[in-house]
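Single-structure report; data block below.
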Amino acid sequence: MTILLAEHSGICFGVRRAIQMALEAANEGSDVCTLGELIHNPQVVNELAQQGIGVCQSSQDIHNMSVVIRSHGVSKQEWEALQATDNQIIDATCPYVKRAQELVASMSEYPVFIMGDPDHPEVRGMLSYGNQLTRVIKPGDPLPEQNWKTLSVISQTTQKLSNLQDLVGRLLPRVLDLRVFNTICSASTLRQDTAVKLARRSDLMVVIGGKNSSNTMMLQDLCAAETTSLHIETEAELEAEMLSGAESIGLAAGASTPAETIIKVFNKIKEIKGEPGTATRIGEIPLFKEESC
Ligand code: F3S
């Protein structure tokens with residue numbers, strides 16, 4: 001049998017950078033907290049808590065601390081509120097998210113549609129940099145009944161390219177000057193493309209990542225459209241009957257899933273299937289490629 005890991009899987013550059021920035025601040029002896037959970041992964045959040053990096057919900061409740069802004073970024077109002085406190089800001093907003101926020105802020109004179117999940121903190125942050133004509137369009141949402149002279153479209157960084165293409169296709173006949181900014185990050189695209197490729201050749205996909213992680217849920221949707229697919233957070237959820245009959249098992253993992261979790265899932269599948277050989281490093285799992293950034 002085969003157990004393969006999608007070439008691009010697990011923690012992305014933006015999440016790795018945010019974790020490193022928080023750990024560096026804690027190692028320098030600062031009192032550190034993250035504004036909201038640093039990443040959508042309960043295991044990593046618990047590990048950070050063990051290293052003294054807690055979670056605070058509002059910058060108003062804390063004083064004289066180093067406050068880490070997570071990779072999703074914050075709203076303009078949250079940023080300004082934070083600046084008005086005596087806390088030190090550690091801005092771990094992912095550069096891809098920062099670029100999207102800056103693009104929205106730069107288009108202050110005409111409507112901007114942000115394609116994404118209106119409840120996701122990244123999208124709420126992007127929206128806060130817009131004007132009164134900026135609005136969020138969920139994938140598949142109907143469009144307002146009107147035409148536009150000028151309109152810009154931007155995307156949540158973790159969206160599927162096909163969702164952006166669908167929105168642009170529906171807008172084209174109705175907008176004279178349509179400007180499209182592809183702000184979907186390359187880490188998301190690579191994880192989605194390689195997971196789908198692997199799903200097409202697998203009897204079963206196991207998608208690993210936080211149940212509250214939007215990019216992991218996106219991977220699960222894409223894989224489930226190709227083959228049977230399970231979404232788990234840790235190896236503890238795996239049981240033998242879930243894997244029965246599967247001769248080719250593919251693994252994929254969201255951009256906030258640590259390598260250790262992926263390795264434990266791989267080893268547990270090996271154990272359940274009675275296959276020899278376990279991995280101690282993620283690079284030992286067949287197909288996976290280390291990312292250069
Ligand atoms: Fe940044 Fe993309 Fe990761 S936006 S945080 S590199 S998923």
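Here is how the numbers come out for the structure above:
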quantity: Residue list for region 258-286, restricted to those being modelled with pLDDT of 95 or more, surrounded by 13 or more Cβ atoms within 10 Å (Cβ to Cβ) and in a loop (DSSP other than H, G, I, E, B); calculated: Ala279, Ile285
quantity: Residue, farthest from Glu37 (Cα to Cα), within region 76-98, restricted to residues that are modelled with pLDDT of 95 or more and assigned to a loop (DSSP other than H, G, I, E, B); calculated: Cys94
quantity: Restricting region 258-280 to residues that are in contact (Cβ under 8 Å) with a residue 60 or more places away in the chain and among the basic types (Lys, Arg), the residue that is farthest from Phe13 (Cα to Cα); calculated: Lys273
quantity: Region 89-110 residues that are more than 27 Å from Ile62 (Cβ to Cβ) and within 16 Å of the ligand (Cβ to nearest atom), paired with ones that are part of a helix (DSSP H, G or I) and open to solvent by 20 Å² or more (accessible area, probe 1.4 Å) (beta carbon under 8 Å, 6 or more apart); calculated: Val104/Leu127
quantity: Cross-chain or 6+ apart pairs with Cβ under 6 Å, region 183-198 first and in contact (Cβ under 8 Å) with a residue 60 or more places away in the chain, then small (Gly, Ala, Ser) and in a helix (DSSP H, G or I); calculated: Thr183/Ala100
quantity: Members of region 222-254 found to be part of a loop (DSSP other than H, G, I, E, B) and either open to solvent by less than 10 Å² (accessible area, probe 1.4 Å) or among the aromatic types (Phe, Trp, Tyr) (or both), listed by number; calculated: Leu238, Ala246, Gly254
quantity: Whichever residue in region 197-221 is among the small types (Gly, Ala, Ser) and not in a helix (DSSP H, G or I) and, among such residues, is surrounded by the most Cβ atoms within 10 Å (Cβ to Cβ); calculated: Gly209
quantity: Filter result (crowded, with 16+ Cβ neighbours inside 10 Å and away from the ligand (no atom under 16 Å from the Cβ)) within region 179-196; calculated: Val180, Val196
quantity: Filter result for Arg135 (among the basic types (Lys, Arg) and open to solvent by less than 50 Å² (accessible area, probe 1.4 Å)); calculated: no
quantity: Residues (part of a loop (DSSP other than H, G, I, E, B), of a type outside the set (S, T, N, Q) and open to solvent by 30 Å² or more (accessible area, probe 1.4 Å)) located in region 15-39; calculated: Glu28, Gly29, Asp31, Glu37
quantity: Residue that is farthest from the chain's Cα centre (by Cα) [pool: residues in region 235-261 that are within 13 Å of Leu5 (Cα to Cα) and more than 16 Å from the ligand (Cβ to nearest atom)]; calculated: Ser248
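The values are calculated or read from the model by the stated rules, or taken from the named source; none is laboratory data. It should be emphasised that the depicted structure is a prediction, and the values quoted were computed from it without experimental measurement. With ideal geometry, Cβ positions are generated from the backbone for all residues, glycine too; neighbour counts draw on all protein chains shown. Each accessible area value is taken on the protein alone, full model and side chains, heavy atoms only, with ligands, DNA and RNA left out. Shrake-Rupley method; radii C 1.70, N 1.55, O 1.52, S 1.80 Å.
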